[in-house]
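The values are calculated or read from the model by the stated rules, or taken from the named source; none is laboratory data. Since this is a predicted model, take the numbers as computed values, not measurements. Here Cβ is always computed from backbone atoms with ideal geometry, including for glycine, and neighbour counts include all displayed protein chains. What goes into the accessible areas is simple: the full protein's heavy atoms, side chains included, and nothing from ligands, DNA or RNA. Shrake-Rupley method; radii C 1.70, N 1.55, O 1.52, S 1.80 Å.
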Amino acid sequence: MRLKRWFVLTAALGWATAAWAHHSFAVFFDSQKSVTISGVVKEFQFVNPHGLIRLVVEEKDGTTDEWRIETNSPSILRRRGWSPDIIKIGEKITVEGWPARDNSHWARLRKAQRANGEPIGQPFGPEA
């Protein structure tokens with residue numbers, strides 16, 4: 001009986017952690033706003049549950065900031081023409097997305113393009 005309780009408790013904690021990790025779009029991002037960011041790719045992760053692009057962005061005053069751009073899962077990215085090597089570290093790209101509600105340097109990807117204007121994959125979202 002003790003083993004069964006331990007298993008149930010462990011499973012419940014695991015499910016709670018997974019639910020928290022896979023958060024709701026509406027809780028964190030504002031679908032009524034849009035942000036466009038151009039920068040140099042510092043990191044690109046093609047991983048579950050969401051991919052990640054880190055951009056180093058040069059501000060007008062010459063300082064740099066780092067933005068975290070969350071993508072869809074790899075399976076959805078693949079359906080949209082993405083692959084693990086579609087973006088290279090050091091490449092300059094522009095992304096458009098929905099900004100974080102807390103005004104941090106965090107956004108959810110809607111579309112991306114290379115410095116020459118070439119689209120990267122297909123856009124996401126209802127306006128796509």
Quick check on segment 52-61. Is at least one of its residues within 24 Å of S24 (Cβ to Cβ), among the charged types (D, E, K, R) and open to solvent by less than 30 Å² (accessible area, probe 1.4 Å)? no
What are the pairs with Cβ atoms under 9 angstrom where one residue, in segment 43-57, is in contact (Cβ under 8 Å) with a residue 60 or more places away in the chain and part of a loop (DSSP other than H, G, I, E, B) and the other, located anywhere, is crowded, with 18+ Cβ neighbours inside 10 Å and of a type in the set (S, T, N, Q)? Sequence gap at least six, or different chains. none
Flag if E91 is of a type in the set (D, E) and either over 18 Å from P119 (Cβ atoms) or open to solvent by 70 Å² or more (accessible area, probe 1.4 Å) (or both): no
Out of A100, A107, A115, sole residue that is aliphatic (A, V, I, L, M) and surrounded by fewer than 14 Cβ atoms within 10 Å (Cβ to Cβ): A115
Among the residues of segment 24-39, the number that are open to solvent by 60 Å² or more (accessible area, probe 1.4 Å) and under 17 Å from A115 (Cα atoms) is 1
